[in-house]
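Shown next, in structure tokens, is the structure this report addresses.
A short reminder: the numbers here are calculations on the coordinates, not readings from a lab. The model shown is predicted, which means the values in this text are computed figures rather than measured ones. When we count neighbours, we look across all protein chains shown, and the Cβ atoms used for this are built from the backbone with ideal geometry, even at glycine.
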Amino acid sequence: MKGVDADIFARNVPGSTERLARAVIGIAGCGGLGSNAAVSLVRAGVGRLILADYDTIESSNLNRQHYFQKDIGKVKVEALAAQLLDINPGVSLDLHKRKLEPGLIPDVFSGADILVEAFDRAEAKRWLIESWCRFFPERPLVVASGLSGIGRCNSLRVVKSGTIYFCGDGESDSNMGLSAARVAIVANLEANVVISLLTGNEVL
């Protein structure tokens, strides 16, 4: 990362900053999960993010997504990029304003060391997992599974299956409604898994 103020990461865990600065992380979706995870990854010192989302920001997003009133109507990847550069002007960002489909995964995320899944719909999560594992079977994939509702903090966990890490309760669906706190917890579980993998620390 060029032009980085070293003081930003002065309180980082010793030995983590250099490893994180060399990392490239893909984030598929920049809503409640993706926007919150991206903020935490940049605050931690990840050097490059690949952000993909085709959507624009609506007022109904503000109850859980890392955006503000001034962002309504803006393209998500662009509004999020502006926030991330405000945190660390030295971070490198690749922005893809496009709707992801299975065949696009290698084109968009080929440079990523790890992919963070941040989709809303179960069917999209399913094809993303299948596509990533087909194209990049050795690279980790961090997935959110079950984040709806309120409370039940002890139900939120990380479960590993091969190179896939599932974060959440594994069962709740969006019919229960979405709370900012619970969505952010799961997004930060995803970010924490990524940081742990990049720094060689224990995940589970």
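Below, the figures for the structure above:
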quantity	calculated
Fraction of beta bridges assigned by DSSP in the chain that are antiparallel (%, nearest 5)	25 percent
Nearest-0.05 FRET efficiency for Arg22 and Asp55, computed from C-beta distance (R0 30 Å)	0.50
Sorted by Cβ density within 10 Å, fewest first, the residues Tyr67, Tyr165, Tyr54	Tyr54, Tyr67, Tyr165
Potential extension, Leu204-Lys160 segment - 0.36 nm per residue separation minus Cα distance	15.0 nm
Computed lengthening from Asn175 to Ile150, 0.36 nm per intervening residue step minus Cα-Cα distance	7.8 nm
5 angstrom amide H check on Asp55, placed H, neighbours 5+ away	Lys76
Reachable lysines from Lys160, criterion Cα separation under 22 angstrom, eight or more residues apart if same chain	Lys125
Of the DSSP H helices in the chain, those whose Cα atoms cover at least 15 Å axially and whose Kyte score averages 1.0 or more	180-199
Relative contact order (%) - criterion: Cα under 8 Å, at least six apart; region: the chain	23 percent
Among Gly45, Gly162, Gly29, residue whose mean-square fluctuation peaks in a GNM of the chain (springs only between Cα atoms under 10 Å)	Gly162
Computed lengthening from Trp127 to Asn12, 0.36 nm per intervening residue step minus Cα-Cα distance	37.9 nm
Helix-only mean residue ellipticity at 222 nm for the chain, each DSSP H run of n ≥ 4 adding -39500 (n - 2.57), per residue, nearest 500	-10500 deg cm²/dmol
